[in-house]
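The structure appears right after this line, and notes come after that.
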Amino acid sequence: MAKILAIESSCDETAASVINNGVLLSNIVSTQIDVHRKYGGVMPEIASRLHAENISIVIKEAMEEAKISFEELDAVAVTRGPGLIGALHVGLQAAKTISMLYNIPLIPVHHLAGHIYANEYVSEFKFPMLAVVVSGGNTELVLMKDHMDFEIIAETVDDAIGECYDKVARVLGLPYPGGIPIDKLAKEGKHSYDLPTPLKGAKTLNLSYSGLKTNVINLVHNLEQKGEKVNVADMCKSFQDVAVGLVIDRTIKAVKEYKVNQVILAGGVSANSYLREEMTKEMNKLNVEIKIPPIWCCTDNAAMIAKVATRLYDLKVFAPLDLGVDPNWKIDEWNKF
Ligand code: KG4
C-alpha cells in the first residue's frame with residue numbers, strides 16, 4: 001500500500017487522482033466533450049493538444065485536493081494503453097517526468113483493467129468473475145479467476161458498442177457522445193424498426209457492431225430518400241434493443257459456460273440505463289450476483305487507474321523510463337511492456 005498519483009489521458013478526458021493505502025484522496029477529470037461535440041466525435045489531434053494544455057493543471061489540482069506534496073509520493077501511475085496514441089503520450093510524458101524528478105517508480109496501467117477495477121470502490125470481487133467491458137473503444141468479455149488474471153473469452157470482431165452508439169447518434173442528428181441521448185430517447189420510443197441481430201445463429205461468444213451501424217445508416221437514408229420522416233425515438237429504441245440485447249445474450253451464454261459467481265459491468269456504456277436494468281433482471285434469473293458501477297466511475301477517470309496501481313505497487317510492477325505507449329495493448333498482456 002502506498003501514496004500514488006495516477007494519470008489518465010487515453011481518449012478525451014484528462015484526469016489525475018491521488019490514492020493513499022487504497023483510499024481515494026482526489027479525483028479530477030477535465031473532459032473535452034464540448035470541443036469534440038462540434039465534430040460529432042473525438043478528433044485525435046485536438047485531443048492530444050488539449051491533453052497537453054490541461055495535464056499540468058489537472059495534476060496540480062489532484063495534488064492540492066489530496067493535500068500531499070510530490071515528495072510524499074511513493075509512485076506515479078499512468079494509462080499506457082489502449083487508446084489514442086498522441087493522447088496516451090501526453091500522460092506518459094508527464095508521469096515519466098514526475099518519476100524522474102522525484103525518483104519514484106513508474107507504474108504502467110492497462111486502461112480496461114482500470115474500468116474493471118473501478119468496481120472495487122463499491123464492491124468486492126468474487127471469482128470466477130465475468131467482466132463485461134463495454135466502452136467507446138472496446139467491447140469484450142473478460143473472465144477473471146483471480147486478481148489481475150484476465151482471459152478475454154469474447155470480443156467484438158469489428159466496432160466497439162460505444163463507437164456504434166456514437167455513429168448511430170450522428171446519423172440521427174443527436175449530439176456526441178451519442179450513448180446519452182439515445183439512452184434517453186429510447187425510453188420514449190417503440191421498437192418499430194426491424195434491425196437484424198448481428199452474428200445471429202453463429203456459434204460464437206464474439207460480438208459485432210459494424211453491421212448494425214450500417215443497417216441503421218442505410219435504413220435512415222432509405223426513409224429520407226422516400227421522403228418519409230424518421231421517428232428518432234423509435235429508431236433509438238429499436239437500435240438499443242439490438243445493441244444491448246447482443247451484450248445480454250453473450251453474457252448469459254458466458255455465465256453458463258464458465259460458471260461464474262459474479263458479473264460486473266465496466267466502461268462508459270455501462271452507464272446505459274437499459275443495459276443496467278436488463279442485465280440485473282437476467283442475472284437475477286440465473287442467480288448470479290451482478291455488480292454495476294456508479295455513474296461517476298463508468299466513464300474515463302484516473303481513480304480507476306489509481307485502484308489498479310495500488311495492486312501493481314504491491315506486486316512491484318514498475319516500468320523503466322524508456323517505456324512507450326501501446327494503443328492496442330491487450331488486457332491479458334498487462335504485465336508485458
Ligand atoms: O469508457 P468511455 O468513457 O471511453 C472509452 O474508454 O472508450 O466510454 C465512452 C462511451 C461513448 O461511446 C459514449 O457514447 C458511451 O460511452 N456512453 C453511453 C452512455 N453514456 C456514455 N452509451 C450508452 N448509454 C449511455 N447512457
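The values are calculated or read from the model by the stated rules, or taken from the named source; none is laboratory data. All values derive from a computational prediction rather than experimental measurement. Note that each Cβ is placed from the backbone with ideal geometry, even for glycine, and that neighbours are counted across all protein chains shown. With ligands, DNA and RNA removed, areas are computed over all heavy atoms of the protein, side chains included. Shrake-Rupley method; radii C 1.70, N 1.55, O 1.52, S 1.80 Å.
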Requested in this report: Specify the angular offset, from 0 to 90 degrees and rounded to the nearest 10, of the alpha carbon long axis of helix 232-258 from the longest principal axis of the alpha carbons in the chain.
Outcome: 60 degrees
**Report entry** Spatial separation of Cα centroids for the range 283-323 and the range 137-180, in angstrom
**Finding:** 17 Å
Query raised in the report: Accessible area, 1.4 Å probe, largest first: how do Val58, Val171 sort?
Result: Val171, Val58
Query raised in the report: Given C-alpha coordinates of the range 213-337, what is the ratio Rg to Rh with the Kirkwood estimate of Rh?
Result: 1.09
Query raised in the report: Taking a probe of 1.4 angstrom, what is the accessible area of Trp334 in Å², to the nearest 10?
Result: 30 Å²
Query raised in the report: For labels at Lys200 and Asp249 in the simple 7 Å Cα→Cβ model, what's the distance in nm?
Result: 0.8 nm
Query raised in the report: Which residue, Tyr313, Tyr209, Tyr193, tops the fluctuation ranking in a GNM of the chain built on C-alpha contacts under 10 Å?
Result: Tyr193
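At 0.692 mPa s and 37 °C, plugging the Kirkwood radius over alpha-carbon pairs of the range 124-292 into Stokes-Einstein gives what diffusion coefficient in µm²/s? Don't skip to the end; give the middle numbers.
Details: Rh = 16.3 Å.
Reported coefficient: 202 µm²/s.
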Report summary line: Evaluated at 20 °C and 1.002 mPa s, the Stokes-Einstein D of the chain based on the Kirkwood radius over Cα pairs, in µm²/s, stands at 105 µm²/s
Requested in this report: Please calculate how many Å² of accessible area the chain carries per residue, with a 1.4 Å probe and no DNA, RNA or ligand atoms counted.
Outcome: 42 Å²
Query raised in the report: Pick from Leu25, Leu199, Leu88: which is most flexible by mean-square fluctuation in a GNM of the chain where alpha carbon atoms under 10 Å apart are linked?
Result: Leu199
**Report entry** Extent along principal axes [Cα atoms of the range 1-93; Å; largest to smallest]
**Finding:** 41, 22, 19
Query raised in the report: Label Glu333 and Ser273 with points 7 Å out from Cα along Cα→Cβ: what is the distance between them in nm?
Result: 4.1 nm
Report summary line: Taking only the alpha carbons of the range 223-293, the radius of gyration and the largest Cα-Cα distance, Dmax, both in angstrom, are 15.5, 51
Query raised in the report: Who wins for biggest fluctuation among His115, His36, His51 in a Gaussian network model of the chain, springs between alpha carbons below 10 Å?
Result: His36
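Taking 8 Å as the Cα distance limit and 6 or more residues as the minimum spacing, I'd like the relative contact order of the chain as a percentage.
Numbers: 729 pairs, mean separation 85.0, N = 337.
It rounds to 25 percent for the chain.
Using only helices, what value at 222 nm comes out for the chain when you add -39,500 (n - 2.57) per DSSP H run of length 4 or more and divide by the total residues, to the nearest 500 deg cm²/dmol? Mind showing how you got there, number by number?
Details: 10 runs with 141 residues, N = 337.
Rounded to the nearest 500, the figure is -13500 deg cm²/dmol.
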Report task. Can you pull the one-decimal nm distance between simple spin-label points at Glu257 and Glu72, each 7 Å off the Cα toward Cβ? Result -> 4.9 nm
Query raised in the report: Ignoring ligands, DNA and RNA, what percent of the 1.4 Å accessible area of the chain is carbon and sulfur?
Result: 51 percent
**Report entry** Calculated FRET efficiency for the pair Lys60/Tyr39, C-beta based, R₀ 35 Å, to 0.05
**Finding:** 0.75
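Listed here are the pairs Lys200/Lys281; Lys203/Lys229; Lys167/Lys256; Lys96/Lys291; Lys60/Lys126; which of them are more than 28 Å apart at the Cα? Provide the component values of the computation, followed by the final result.
On the way: Lys200/Lys281 22 Å; Lys203/Lys229 37 Å; Lys167/Lys256 32 Å; Lys96/Lys291 35 Å; Lys60/Lys126 36 Å.
Lys203/Lys229; Lys167/Lys256; Lys96/Lys291; Lys60/Lys126, as the Cα separations exceed 28 Å there.
Kirkwood Rh, the range 52-161, all Cα pairs: how many Å? Numbers along the way, then the final one.
Details: mean 1/r = 0.0625 Å⁻¹.
Evaluated over the range 52-161, this radius sits at 16.0 Å.
Want the number for Glu124 to Arg49: 0.36 nm per residue separation, take away the alpha-carbon distance, what's left?
Working: separation 75, 0.36 × 75 = 27.00 nm, distance 3.77 nm.
Full-extension gain reported as 23.2 nm.
Compute the length gained on full extension between Ile217 and Lys184: take 0.36 nm times their separation in residues and subtract their Cα-Cα distance, giving the result in nm to one decimal.
Working: separation 33, 0.36 × 33 = 11.88 nm, distance 1.98 nm.
Fully extending the segment from Ile217 to Lys184 adds 9.9 nm.
Report the full-extension gain for the segment Met100 to Ile153: residue separation times 0.36 nm, less the Cα-Cα distance, to one decimal in nm. Can you show the working numbers first?
On the way: separation 53, 0.36 × 53 = 19.08 nm, distance 3.83 nm.
Difference between extended and current length: 15.3 nm.
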Report summary line: Sorted by chain and number, the residues with a modelled amide H under 5 Å from that of Ala77, at a separation of 5 or more or across chains, are Leu5, Ala6, Ile7, Ile107
